[in-house]
Amino acid sequence: MLTQNMGYPRIGGHRELKKANEQYWAGKISQDELTAVARTIKEANWQTQLDAGIDLIPCNDFSYYDQTLDTSLLLGVVPQRYQPVSAIAGNTGLDLYFAMARGYQKNGLDITAMEMTKWLDTNYHYIVPEFTAQQAFRISNDNIFNEYNSAKAILGEKAKPVLIGPVSYLLLGKEKEAGFDRIDLVQRLVPVYVEIINRLQQQGATWIQLDEPCLALDLSHKEKEAFAWAYHTIAAQVSGIKLQVATYFEALLDNTQLAVNLPIAALHIDLVRAPQQLDEVLALIPDKLELSLGVVDGRNVWKNDYEQSLAHIDKAVEQLGACRVLIAPSCSLLHSPIDLDGETAIDPEIRNWMAFAKQKLHEVTELKLIAQGDHTLLQANLQAIASRRTSQKVHKQAVKDRVAAITAADGQRKSAFPIRQRLQRERFHLPSFPTTTIGSFPQTDDIRQLRARLKKGDLTVEQYDAAIEQATIESIRWQEQLGLDVLVHGEFERNDMVEYFGEQLDGFLFTKNGWVQSYGSRCVKPPVIYGDISRPKDMTVRWSQFAAAQTNKPMKGMLTGPVTILQWSFVRDDQPRELTTNQIALAIRDEVVALEQAGIGIIQIDEAAIREGLPLRKAKRPHYLDWAVNAFRVTASGVEDQTQIHTHMCYSEFNDIIEHIAAMDADVITIETSRSQMELLQAFAHFEYPNEIGPGVYDIHSPRVPTTEEMTALLAKAADLLPAQHLWVNPDCGLKTRKWPETKAALENMVAAARQARKQLKVGDPV
Ligand code: GLN
Ligand code: ZN
């Protein structure tokens, strides 16, 4: 029985890679200094895995920015527009690489970056390969071969090169011109994979891991055929090296037959996400195929339940024999924080339930030893799992009872939208095309420093609060002068829209160094939800009330919704996500009601992440959308008809989920539409979306100040598609990443655009 790892975090234990990359981009360190940092991280990672006793250790899993982009450069998939970058004297391969990742604005060139999107259902973003109809592929650099050599020097036979498989590489990319299907490129691509694999074999590699996560997705007939063709073609032309195909994040389901019959040495399956697929795979597995059991969760922070994993291992060993079984994490450990050892501030009882990447390696090797009969290792794990199952720190009966008692009525506003709309209009007397913003104003260095100084103890809480109050007052004065209709307090007191709430809710904990890569040098440190969630006291009332008292204009209260809080945290694995979400929903519902009681008449509940929670397999989506929408409704429905509930989403591809967005029944929804020139409003128009809507009229992702005319034109476009009396005027998203000068200029123009729209566009009587 072998143990293996599928990939290891590459940011470094103290985010060394982030820092080195950013210094290199700023021209502060040389390329040699950057590559030296990278080498240190790689070698330390290999040593850690060696010390943990892993038998097959990944190499080529390191990346300066993203492994999909590495693959594009390996295969020569470089869009035409980057040619001038390589032509510049002094530029190296790394400069081209970063130009593709981040765009290039130097030497008189201005070239946009490649598109970035989420890696399947994770919060990791990859650089989307761009293909043309005539796309050619050829080995274009030696990185993977050099990586293998360096790994081999330390790991010997244990070094296992990892590469994205050819079919997933194509499927995760995009056609950049019409008239062809990227999957047809497989015939040109596979010969290059053959060449790569043969070179690695000649260098001494005994295994290669080809990641094919798309094999666990819904596939067309043609895509299935591409898988079979690709692997039969590769297998026929390589020898002396074992091919392993790795799947993760979902079950193989209807692709099981296809997957187990690929001519490969081993197949890796994710038994954390999809434990039931073990039986399905074992029922169809042919003689000889080795099976890698992904039993240790690569995407969460909890200690493995050894009993449960051993049940899987024993079952597989019984049928296949130990020599055809490998034990592994469910997927690359890229998605988990690196090392729990330094987290001394976490309550020791809770810390004993947790495992980060380094600890997970040890779990993999311990599982092997236990499966081979060493039961002494089992005891401590059984105790930890049992303590978590029963701990009072996790389980709060009152919270469970309250969630169990949620009824349909809890998700129902008192009256239907038209009645609420009339009552709200009578209450707020807003003009047509009312103007507002999405919540945050620029988080300047001054504001961030306040928090740092408070943390260090250089400021007292009173001094900190006074400074935040001052910033809030200034922003309110300024919003009044500008003539905005519905004001916000500015969110100056918040570091992050999830962390701010997590810190005040029971059931959450925070790590010191639990960073995971989000994209490039960007890392996030998600909160950990470990127990039943409750709200010991008001969270935002103080700030909203303070702000409301400064003005006669309506002040919008600002909350983060339950699905977004769930989605951007490490969550419990001992109960369904939907149950955890409902606990958060009740806590936020109480905050909504508290705001209402404090006199706040307009409350926005941000659900930035509803769409990214969509399951990978279509068949699972309706169930998810049902509970996600219902959680929002529970959050929003504790208030009177006169209280106006807003929601906000930072995207706008709503075509496939519009009925569910409508079912959220927010009085007003604000979305991101400016970059698509309102095109994405079509879904709302087509559906005849019944409630009010604020399509973003300007892109907050760039410092560019849009003109009044531009925004008036966008409003006219929106008024063509939707009833003008339902339209609000606002930016695409919060302004926290912007600077004040551009923010002021842009909002001034936005208010002017709304005034013009009121004059120029016909607004029917409110319905
Ligand atoms: N209210 C939040 C803000 O303005 C919303 C942020 C978001 O949608 N990502 O910052
Ligand atoms: Zn947003």
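Tabulated results
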read-out	value
Heavy atoms of E43: accessible area, 1.4 Å probe, square angstrom to 10	80
Zero-based 5 Å bins, Cα pair distances in the range 265-337, whole percents	3, 17, 29, 25, 14, 7, 3, 0
Point-charge dipole on Cβ atoms (K/R +1, D/E -1) for the range 533-676, about Cα centre, debye to 20	300
Kirkwood Rh, Cα atoms: Rg over Rh of the chain	0.97
Inter-label distance, nm, simple model (7 Å from Cα along the C-beta direction), E474/D314	6.6
Within the accessible area of the chain (1.4 Å probe), percent carbon and sulfur	50
Lys/Arg +1, Asp/Glu -1 at C-beta; the range 446-493 dipole; positive extreme among Q470, L487, L454	L454
FRET efficiency estimate (nearest 0.05) - Cβ-Cβ, E115 to D656, R0 22 angstrom	0.65
Simple Cβ-charge dipole of the range 363-446, Lys/Arg +1 and Asp/Glu -1, about Cα centre, in debye nearest 20	740
Computed magnitude of the charge dipole of the range 76-131 (debye, nearest 20; Cβ of K, R +1, Cβ of D, E -1)	100
In nm, spacing of pseudo-spin labels at D496 and S391 (7 Å Cα→C-beta vector)	2.1
Relative frequency of Cα-Cα separations exceeding 19 Å in the range 670-767, percent	37
Extension reserve of the Q379-T407 stretch, reckoned as 0.36 nm per residue once the Cα distance is removed	5.9 nm
Contact order relative to length of the range 469-531, as percent, for alpha carbon pairs under 8 angstrom and 6 or more apart	24
Sum of -39500 (n - 2.57) over DSSP H runs of 4+, divided by residues of the chain (222 nm, nearest 500)	-13000 deg cm²/dmol
The chain - percent relative contact order, Cα under 8 Å, separation 6 or more	11
Dipole axis of the range 574-637 (+1 Lys, Arg; -1 Asp, Glu on Cβ), positive-most option in A587, S637, P615	P615
Amide H within-cut-off set for D297, under 5 Å, with H built and near neighbours excluded	S330
Pairwise FRET efficiency - R448 versus E225, Cβ, R0 = 60 Å, nearest 0.05	0.65
Of K42/K303; K303/K358; K42/K358, those spanning more than 19 Å from alpha-carbon to alpha-carbon	K42/K303
Difference of contour (0.36 nm per residue) and Cα-Cα distance, L50 to A466	144.5 nm
Solvent-accessible surface ranking, highest first, for K736, K537, K160 at 1.4 angstrom	K537, K736, K160
Å² per residue, accessible surface of the range 561-695 at 1.4 Å	31
Rg to Rh quotient for the range 493-585, alpha carbon positions, Kirkwood Rh	1.03
Dmax and Rg, reported as Rg then Dmax, of the range 404-529 (C-alpha, Å)	19.7, 52
Residue pairs, from the table K118/K414; K414/K556; K393/K736, whose Cα atoms sit over 28 Å apart	K118/K414; K393/K736
Sparse-neighbourhood loop sites, trypsin sites (Lys or Arg not before Pro) in the range 40-142 - DSSP loop, at most 15 other Cβ within 10 angstrom	K106, R138
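The values are calculated or read from the model by the stated rules, or taken from the named source; none is laboratory data. Computed from a prediction, not measured in an experiment: that's the story for all the values here. Cβ atoms come from the backbone with ideal geometry, glycine included; neighbour counts cover every protein chain shown. Just the protein is used for accessible areas: all its heavy atoms, side chains included, with ligands, DNA and RNA removed. Shrake-Rupley method; radii C 1.70, N 1.55, O 1.52, S 1.80 Å.
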